[in-house]
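Here the structure comes first, spelled out in structure tokens, and everything after it is commentary.
The values are calculated or read from the model by the stated rules, or taken from the named source; none is laboratory data. Since we're looking at a predicted model, the values are computed, not measured. Quick reminder, even Gly has a Cβ in these numbers, built from the backbone with ideal geometry, and neighbours come from all protein chains shown.
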Amino acid sequence: MWNYTNKVKDLYIHPKNVGSIPDADAVAEVGSIVCGDALKLYLKIDENRIITDAKFETFGCGSAIASSSALTELIIGKTVEEAEKITNQDIVSYLGGLPDEKMHCSVMGGEALTKALKIWRGETIEDEEDTEGEVICHCFGVTDPLIRKVIRENGLSTVEEITNYTKAGGGCGSCIPRIEDIIADELKKDSMSADAEPDKKPLTNIKRMQLVQETISTVIQPELQKDGGQIELIDVEGNKVFVALRGSCANCMLSDVTLKNLVEDRLREFVEDDIEVIEAK
Amino acid sequence: MDRLVYLDNNATTMVAPEVVEEMMPFLTTRYGNPSSIHSFGGEVGIDVEKARHRVAEFIGADNDYEIVFTGTGTESDNMALLGSLAYYRDKRHIITSRVEHPAILSLCKKLERDGYRITYVPVDREGILDMDYFMDAVDDDTAVVSIMYANNETGVINPVSEIGAFLRDRGIPFHVDAVQAAGKIPIDVNSIHCDLLTLSGHKFHGPKGIGVLYVRRGTRIRPVLIGGHQERGRRPGTENVPGIVGIGRAAELAGTHVDYYGTGVKKMRDMLEKGILEKFSNAHLNGSPGNRVPNTTNIGFDYIEGESILLYLNEKGIAASSGSACSSGSLEPSHVLRAMGVPFTSAHGSIRFSLSRFITEDDISYVLSVLPGVVERLLELSPYWDNINRTGKPVNI
């Protein structure tokens, strides 16, 4: 049994601001059902740049529900500029603390807020720091910039802490050496007091193909198989990914929708934001 | 909390009142050491041997001395493997399954790092062992085979008799982890043809801190702990007399109640399972429907997460468990469900209900009356369910 605070317990049983806002000014989704938690945040922002309403829908454990509720409670009534300053640490404080292993729930809240505000400003998500960059942890789709962000915001220094905050390294563990490299790199930067942004190089063709293949076989294929479907990777040209659907997927009237929603979303999440999926008949 | 409906009996069970009663003198007045020469201690040894006989009868062992008392089920599992390997030093291969308890699986992972070759036999979508794969894996280098009788998460029963007969013809030692089968289905070491078999007291209404390793007469095994002469030198350390007396009584009781598991407990399990599967379109059974111990059901709920289901049930006084990642802190869902190929989407929302003979039909009705509110509330919270309602199509992501 987790040692949840009374505030956490109260908020997972009686969360506030549950639901959707049909005419929301910004909607952001982070996490995924495969990873075990996901949050969809809806914001209503008025002409004075004040967040007048916030609602959420969460798939996840007790602390994920409580963190989502806390996030909406913290931002309602705040200006966009004030809300921007809110980090996962504020969510943790509001809840009176979270178990170490559950810190990633608060990070998910922070991510959703950052993403929603960027969407509201009309900034393209391609520039969004959390979803861009090289995927370090393939089990949970955690990128290099996100790991660096939580290191800086929470003063982390061990792989275990990174896992608690982002889940990275908590699956197969094969990325742990790379996480160690990132920690060493950030600590070095910190000691040099340099605040230069990490290099953001676009993926090379080979790397992109590898990532596409990996995502299809480890994430998408298992999902489709559940409904008796199969997917085959035909080709990758730049940001265009050609796939063929077999089994029950091929005859399904919804296959176009399935493709768009599922394959593209996954590839955009795990590979690159501008991936376009095309069905090869 | 006024009411407690305890449906987590695969985790641990209530110590039966008769067991407590029989243990009490050994926690109070009769504290002697069975190894002592004086009668105050020595007479306690008679009770230890009585318990040994009861356990032997419970599993159909031919001789009482084939029962070795240990500290826990985990210790028995470790002793079975490490003790066999210590004897067959030139053999470097072990066969087990992908769905074993960590007491076997984590040990095998460690042995693998130490240079042993391990075969992890896969299971199918219903959790049933791939027998062809198993038989192909056996070779001259195989030191020991360890397969669980029944799985702790799904309750699925393995074909241990078939495996035992196959291995006996080849002279390879066979260990059966029967921790989750004991008390739920009849166990007979001679029809299983096993050489080693593990039991744990607290899984069948005995106390915690007492395990059994059955060692068939003639089975080659070296001790793992080194010390005194107790348990014929196979497991040194002063006997846990209250625990031994307790597991003896618990074994005797379990023997008399095992038929009720096949009838009454099974009926209630089926009532619960049927009630849930009929009620919720997003629920489905994990594990072979027919080939299970009668007290266990493992149900996956799509679009909602296991830990939150447990926390909501807990508020209503219902204790169950989950194979979800979040409830264990491991970040990945249960290795058993993943080995079965259960999609992550529903593995995260899997709930295990495990009954005991102390559960009533009224308890089950109560759970069935509470569950809809819990599931509907969590679906309301879920972004995936919302998406389905809006688009009118089932989406898995």
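Quick notes
- Selected residue (criterion: nearest to residue A:113 (Cα to Cα)) from residues of the range A:18-27 that are of a type outside the set (Ser, Thr, Tyr) and within 11 Å of chain B (Cβ to nearest Cβ): A:27
- Among the criteria (1) surrounded by fewer than 22 Cβ atoms within 10 Å (Cβ to Cβ); (2) at negative phi; (3) modelled with pLDDT of 95 or more, the one residue B:237 does not fulfil is (2).
- Residues of the range A:1-40 that are assigned to a loop (DSSP other than H, G, I, E, B) and of a type in the set (Ser, Thr, Tyr): A:4, A:5, A:20.
- Only one of the numbered conditions (1) among the polar types (S, T, N, Q); (2) within 10 Å of chain B (Cβ to nearest Cβ); (3) over 22 Å from the mean Cα position of the chain (by Cα) is violated by residue A:6, and that is (2).
- For the range B:282-315, the candidate set comprises residues that are touching a strand residue (DSSP E or B) at 6+ places or on another chain (Cβ under 8 Å), part of a loop (DSSP other than H, G, I, E, B) and more than 10 Å from chain A (Cβ to nearest Cβ); within that set, the residue that is nearest to residue B:333 (Cα to Cα) is B:286.
- Those helices (runs of 4 or more DSSP H) lying entirely in the range B:71-145 with at least 3 residues in contact (Cβ under 8 Å) with a residue 60 or more places away in the chain and more than 18 Å from the chain's Cα centre (by Cα): B:73-87
- Filtering the range A:14-42 to residues that are under 12 Å from the mean Cα position of the chain (by Cα) and hydroxyl-bearing (Ser, Thr, Tyr) leaves only A:32.
- In the set B:323, B:306, B:290, B:228, only one residue is closer than 25 Å to residue B:339 by Cα, surrounded by fewer than 20 Cβ atoms within 10 Å (Cβ to Cβ) and modelled with pLDDT under 95; that residue is B:290.
- Only one of the numbered conditions (1) surrounded by 15 or more Cβ atoms within 10 Å (Cβ to Cβ); (2) more than 14 Å from chain B (Cβ to nearest Cβ); (3) modelled with pLDDT of 90 or more is not met by residue A:189, and that is (3).
- Output for the range A:154-183, where each listed residue is of a type in the set (D, E, K, R) and under 15 Å from residue B:332 (Cβ atoms): A:167
- If you go through the range B:1-53 and keep only what is part of a loop (DSSP other than H, G, I, E, B), more than 30 Å from residue B:367 (Cα to Cα) and of a type outside the set (Phe, Trp, Tyr), you end up with B:28, B:29, B:30, B:32, B:33, B:34, B:35, B:36, B:37, B:38.
- The range A:140-167, residues that are crowded, with 24+ Cβ neighbours inside 10 Å, within 14 Å of chain B (Cβ to nearest Cβ) and in contact with a Phe, Trp or Tyr (Cβ under 6 Å, 6 or more places away or on another chain): A:167
- Taking the criterion of being touching a Leu at 6+ places or on another chain (Cβ under 9 Å), in a loop (DSSP other than H, G, I, E, B) and surrounded by fewer than 22 Cβ atoms within 10 Å (Cβ to Cβ), the only residue of the range A:168-186 that qualifies is A:171.
- Test for residue B:21: is it surrounded by fewer than 19 Cβ atoms within 10 Å (Cβ to Cβ), out of contact with any Asp or Glu (no Cβ under 6 Å at 6 or more places or on another chain) and farther than 23 Å from residue B:234 by Cα: yes
- Screening A:88, A:48 for residues that are crowded, with 23+ Cβ neighbours inside 10 Å, in contact with a Ser or Thr (Cβ under 8 Å, 6 or more places away or on another chain), more than 14 Å from chain B (Cβ to nearest Cβ) and at pLDDT below 95 leaves exactly one candidate, A:88.
- Listed by position, the helices (runs of 4 or more DSSP H) enclosed by the range B:175-281 that each have at least 3 residues that are in the same structural domain as residue B:69 (by TED's automatic domain parsing) are B:189-192, B:241-260.
- Test: residue in the range A:65-83 that is assigned to a helix (DSSP H, G or I), without any contact (Cβ under 8 Å) to a residue 12 or more places away in the chain and surrounded by fewer than 23 Cβ atoms within 10 Å (Cβ to Cβ): yes
- Condition check for residue B:269: more than 21 Å from residue B:18 (Cα to Cα) and of a type in the set (D, E, K, R): yes
- Residue within the range B:266-282 that is within 13 Å of residue B:353 (Cα to Cα), of a type in the set (Val, Ile, Thr), at pLDDT 95 or above and touching a Lys or Arg at 6+ places or on another chain (Cβ under 9 Å) present: no
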